[in-house]
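Peer 1: This is the structure I have questions about; it appears just below.
Derivation of every value follows stated rules applied to the coordinates shown; laboratory data play no part. If you're wondering where the values come from, they're calculated on a predicted model, not measured in any experiment. Positions of Cβ are generated from backbone atoms using ideal geometry, with glycine treated the same way; all protein chains shown enter the neighbour counts.
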Amino acid sequence: MDDLIIIGDEILQQGEVRTGRVFESRFRKAFWVIGAAAATTIIAMSPLVVLPLGDLSGFAIITIVGVLLGVLVTRPAYGDILRNLVLDED
């Protein structure tokens, strides 16, 4: 949910979005922030996957899969919805 707020804030903070090019530039900038946060989470969970810690390994795997699904599926879908809401395509 925080990532979706970051995308919305980044796109709308600098004023009105008039063209698709402006939207893409702002979306790409927000996506870098989200990608860095996702990479940090994956790197932090990686040792738990390889260490023989039982339930913590499963927790780490599920967390990594959730982060990857969020970044690869949810964020682009939200970007498409936000583009349709923000851009006035008449």
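Peer 1: What does the helix-only formula give at 222 nm for the chain: each DSSP H stretch with n ≥ 4 adding -39500 (n - 2.57), the total divided by the residues, and the result rounded to the nearest 500 deg cm²/dmol?
Peer 2: -26000 deg cm²/dmol
Peer 1: OK, next. Modelled label-to-label distance, Ala36 and Leu56, 7 Å Cα→beta-carbon offset: nm?
Peer 2: Between Ala36 and Leu56, the label points sit 2.8 nm apart.
Peer 1: Kindly point out which whole DSSP H helices in the chain project their C-alpha atoms 20 angstrom or further along the helix axis while averaging a Kyte-Doolittle hydropathy of -1.0 or above.
Peer 2: 20-50, 55-69
Peer 1: Then there's this: Sort all Cα-Cα distances of the range 2-86 into consecutive 5 angstrom bins from zero, then give the percent of pairs in each bin up to the one containing the longest distance.
Peer 2: Cα pair-distance distribution for the range 2-86, in percent: 3, 15, 23, 18, 13, 10, 8, 6, 4, 2, 0.
Peer 1: Work out how much length Arg28 to Val65 would gain on full extension: take 0.36 nm times their residue separation and subtract the Cα-Cα distance, in nm to one decimal.
Peer 2: Between Arg28 and Val65, full extension yields an extra 11.1 nm.
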